[in-house]
Amino acid sequence: MGRRGNQAQADAAAPAPATAGAGAAFRSLTTGSLPRLSARRKQQFAGWLFLAPAIAYLLFAFALPVIYNVMLSFERTSPATIANFTAPFAGLDNYHAVFHDPTSRSAIVRTLEFTVLSLVFQFIIGFSLALLFSLRFPGRTFARSLIIVPWLLPLIVTGVIFRFLFQAEGGAVNQVLTNVGLVDHPIQWLNDPHLALWTILIGNIWLGIPFFTLLLYSALQDVPVEVKEAAVIDGASPWQRLRLIIVPIILPVIEVALLLGFVFTVKVFDLVIGLTGGGPANSTQLITTWSYNLSFQQFSFGQGAALNNVLLVLALICAPLYLWLSRGSLRTSRGEGR
Amino acid sequence: MTRLQKSRALQWLCTLAAAAALVIVLFPVYAIIVGSFESTETLFSGRFYWVPHEATLDNYRTVLQGGSATTQETVSGSQTGNVLTSLLVGLGTALLALVVAVPAAYALSKYRLRVTLVIVSSLLVAQIVPSIVLATSLFIIFHWIHLLNSYPGLILADGTYAIPFAILVLRAFFFSLPNELMDSARVDGASEWRTFRLVVIPIARSAIITVAVFAFLAGWGDFIFALTVLNGTGIQPITLGIYNYLGNYSTDWGAVMSSAVIALVPAAVMLMVAQRYIASGLTAGSVKG
């Protein structure tokens, strides 16, 4: 992200594309059909054509579903209304139902707790590994390439893996704990409502490590060597160098990493389904899984949509901040726009 | 100790730390690979073996031929068919992402369009929208326009993972191309389309491969849209096949784990074949999920 931002800013300084100047000679898409258009107009038209599929896709696959989800949350839905596209207006009934349903309420609170705890551990572990990988030692390239593995797995597979590891009988976690003498009888990780969320938390921390490690690692690579050397010459201790020099320089990347980490984690779904399925006794239902349950298992699409909107608001709180942090790439486009 | 020896020792300490981190990070994957080769008796013996106890290919044989001992009625078809389905969905998602994203990214970086700022902002925001929000609505919208239970429907939905990311990554790449490149083609009389096709695309090949790899993995690994817009029998990708093997009360571990291992084959292949593309994609500020 930092790299992209820097690159975009550097490009802003580069000369703007020549438009009218080089225009006379080229034949554009529109030659013939629209003979009187200027070269600049033709280029504009070509640009719009290149962009058209993406605009159509954004409208169809993002704008329409989000708007429809808002509509749905104000409708009195039933399995029979699905075929009709719209259902009778329900006012705030769905929101009322969601906020008075203990499972929905605890799912909202749990999602927030889960997200904050995940981020804290992902960041600490990811940053430590990024610092480790920025040192020189034998095998660092190899280690860095394998650290990506958790990222590449389908999330449902990650869920299944951790379900296997946390089984009470025959799970590797209990076996290790028993062998080193920490526990004398197997812990019911997945059957105890107080423990099951921890298995999801551990699974989620695991799968987020590559993202934090690689993003922060690439930011650390961008810290100028002279700055680091100057700090060493000035007699700064490693801890001082980290806290006073390196962290302030890579702060924008840290912010983006935490922000995107927050966004990934509030929408975790597959992992929970693969690991606990939301159980036992709904003790691991997050907003996403409970919303799925409301819509697709209880066929209460209106309430599912209302809960979705709670999630959407939580996620979109980050949008202005994300746009601001990505302002490097936005500024370039503003510079180009007319 | 001399200074040189000291720094050598420090280096090996780092190697040791990295090795420990790798063991922790890779152990879960190792565990299911081992588990997938265990016999049903071993899997239900209540003991975890660090290396395969009585290695067997039975689990793979069972899932690839279809059906499973305990949850047969819920599972439709074999994982062989499911693998083909997932391949098709992954390739479809990659193709859709390229068709939409490559020209769009080019337009957003090399043409002065009034909408550029709006579109780029929308793409950033689109990456934030949770898939469950889209899935709930798309289920009803697809029902309405008859795209439920179809490849085009699933691929259109899976594109939501890949397309905003692909456009943003490719756009950053296109910024690095000098404008003179396109201008010289234009001066030589090439149309905008020819310039794009014959000059821009060949140069962007590595960036295009990167986004195609990510889009493929997104389509291959998708579970939430498969669960929602494939409402029923018929098309079943491997992720849904794994889910169906997870019974409500008892899990057919042999089938689950061999399917899970099959599902991580493409990731492993990509890691080996397209390593440099993956690393560059990740650090381009990617968003997953």
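For residue A:115, indicate whether it is within 14 Å of chain B (Cβ to nearest Cβ) and modelled with pLDDT of 95 or more.
yes
Within the group B:120, B:129, B:169, which residue is in contact with a Lys or Arg (Cβ under 9 Å, 6 or more places away or on another chain), part of a loop (DSSP other than H, G, I, E, B) and under 28 Å from residue A:262 (Cα atoms)?
B:129 is the lone residue from the list that is in contact with a Lys or Arg (Cβ under 9 Å, 6 or more places away or on another chain), part of a loop (DSSP other than H, G, I, E, B) and under 28 Å from residue A:262 (Cα atoms).
Quick one: which helices (runs of 4 or more DSSP H) lie wholly within the range A:92-146 and hold at least 1 residues that are under 14 Å from residue A:290 (Cβ atoms)?
Output list reads A:93-100, A:102-133.
Taking residue A:200 as the residue in question, decide whether it is assigned to a helix (DSSP H, G or I) and closer than 30 Å to residue B:238 by Cβ.
Values: assigned to a helix (DSSP H, G or I): yes; closer than 30 Å to residue B:238 by Cβ: yes.
Yes.
Can you pull out every residue in the range B:144-156 that is in contact (Cβ under 8 Å) with a residue 40 or more places away in the chain and facing chain A (nearest Cβ under 7 Å)?
Listed by number, the list holds a single entry, B:156.
Looking at A:257, A:281, A:319, A:315, can you tell me which residue is farther than 27 Å from residue A:209 by Cβ and small (Gly, Ala, Ser)?
A:281
Here is a check on your reading of the model: is residue A:190 at pLDDT below 95 and either within 21 Å of the chain's Cα centre (by Cα) or hydrophobic (A, V, I, L, M, F, W, C) (or both)?
Criteria met by residue A:190.
For the range B:38-54, which positions are in contact (Cβ under 8 Å) with a residue 40 or more places away in the chain, part of a loop (DSSP other than H, G, I, E, B) and within 21 Å of residue B:263 (Cα to Cα)?
Of everything in the range B:38-54, those that are in contact (Cβ under 8 Å) with a residue 40 or more places away in the chain, part of a loop (DSSP other than H, G, I, E, B) and within 21 Å of residue B:263 (Cα to Cα) turn out to be B:38, B:39.
Which is over 30 Å from residue A:78 (Cα atoms) and within 22 Å of the chain's Cα centre (by Cα), of B:123, B:181, B:154? Before you say what the answer is, go through the steps one by one.
Details: B:181 fails: within 22 Å of the chain's Cα centre (by Cα); B:154 fails: over 30 Å from residue A:78 (Cα atoms).
That would be B:123, the only listed residue that is over 30 Å from residue A:78 (Cα atoms) and within 22 Å of the chain's Cα centre (by Cα).
Sort out which residues of the range B:28-49 are more than 8 Å from every other protein chain (Cβ to nearest Cβ) and within 17 Å of residue A:202 (Cβ to Cβ), and write them in order of number. Don't jump to the end; show me each part of the working.
Start the filter on the range B:28-49 by keeping residues that are more than 8 Å from every other protein chain (Cβ to nearest Cβ), which leaves B:30, B:33-34, B:36-42, B:49.
Passing the criteria: only B:30.
The values are calculated or read from the model by the stated rules, or taken from the named source; none is laboratory data. Given the structure is predicted, the values throughout are model-derived calculations rather than measurements. Note: ideal-geometry Cβ built from the backbone for every residue, glycine included; neighbour counts use all protein chains shown.
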